[in-house]
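Asker: Let me begin by handing over the structure; questions about it come next.
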Amino acid sequence: MAREHGHGRDDRDNEFVDKLVHINRVAKVVKGGRRFGFAALVVLGDQKGRVGFGHGKAREVPEAIRKATEAAKRSLTRVPLREGRTLHHDVHGRHGAGKVFLRAAPPGTGIIAGGPMRAVFETLGMQDVVAKSLGSSNPYNVVRATFDALKHQDSPRSVAARRNIKVSALQARRREGADAEASVD
């Protein structure tokens, strides 16, 4: 149910791509009948490594989408991507009963993921990823679990900075560890 938006906005907003992931219609029963409200879940990103999601509620669908888009702009986070197209390493995330597993993929794989996760990856600008959602299929939980997984994504540069070493030294240590593991077998 993902849908692209972005027409009739000023230039500053054109750098972002937003996708409508889910709309929920709720009814409040009152004396004269039913009053309907709408809740929208929107994922927004610049397709260059920044992504966020937002939730908006209103009596009208366009107003709910606008509120969700504003909330998504406020919650933008940066995700490190390898070669600008995939993850640095496999990672899992969870939120409530929703669990997701994300795997780095070779070039040409494409986005292999279900609806809510696909919207996150497309707005993030990721081109190759294999993802699996387990547990809850609620779009809110799946999106939050995906963001939890992306939050735990580390680039070699950030790991090297945390350890106060150079990236080349980190890669050398990684190779030494792989060689030691191979000699044990």
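The values are calculated or read from the model by the stated rules, or taken from the named source; none is laboratory data. Treat the numbers as computed from the prediction; the structure is a model and nothing was measured. Every residue, glycine as well, gets a Cβ built from its backbone with ideal geometry; the counts of neighbours run over all protein chains shown. SASA here: full protein model, heavy atoms, side chains in, ligands and nucleic acids out. Shrake-Rupley method; radii C 1.70, N 1.55, O 1.52, S 1.80 Å.
Asker: Can you give the accessible area per residue of the chain, in Å², using a 1.4 Å probe?
Answerer: Dividing the accessible area of the chain by its residue count gives 59 Å².
Asker: From the alpha carbon gyration tensor of the range 5-155, can you work out the equivalent ellipsoid semi-axes (sqrt of 5 times each eigenvalue) and give them in Å, largest to smallest? Kindly include the intermediate steps, with their values, before the conclusion.
Answerer: On the way: eigenvalues 173, 70, 25 Å².
Output for the range 5-155: semi-axes of 29, 19, 11 Å.
Asker: Another one. Over the chain, with every protein chain in place, what whole percent of the accessible area is carbon and sulfur at 1.4 Å, could you tell me?
Answerer: 50 percent
Asker: Could you give the dipole magnitude of the range 92-185 about its Cα centre, charging the beta-carbon of Lys and Arg +1 and that of Asp and Glu -1, in debye to the nearest 20?
Answerer: Using Cβ point charges on Lys, Arg, Asp and Glu, the range 92-185 gives about 320 debye.
Asker: Residue separation times 0.36 nm, minus the C-alpha to C-alpha distance between LEU170 and LYS28: what's the value?
Answerer: Numbers: separation 142, 0.36 × 142 = 51.12 nm, distance 5.79 nm.
Difference between extended and current length: 45.3 nm.
Asker: A further question on this structure: Only Cα pairs under 8 Å and at least 6 apart count here; give the relative contact order of the range 100-185 as a rounded whole percent.
Answerer: In percent, rounded to a whole number, it is 26.
Asker: If you line up the long axis of helix 167-184 against the longest principal axis of the chain, both from Cα atoms, how many degrees apart are they, to the nearest 10?
Answerer: The two axes meet at around 70 degrees.
Asker: Same structure, new question: Report the extension gain between LYS73 and THR109 in nm, rounded to one decimal, defined as 0.36 nm multiplied by the number of residues separating them, less their alpha carbon distance.
Answerer: 10.0 nm
Asker: Moving on. With axes computed from alpha carbons, what is the tilt in degrees of helix 61-74 against the longest principal axis of the chain, rounded to the nearest 10 within 0 to 90?
Answerer: 30 degrees
Asker: Give me the angle, in degrees from 0 to 90, between the Cα long axis of helix 115-124 and the longest principal axis of the Cα atoms of the chain, rounded to the nearest 10.
Answerer: 70 degrees
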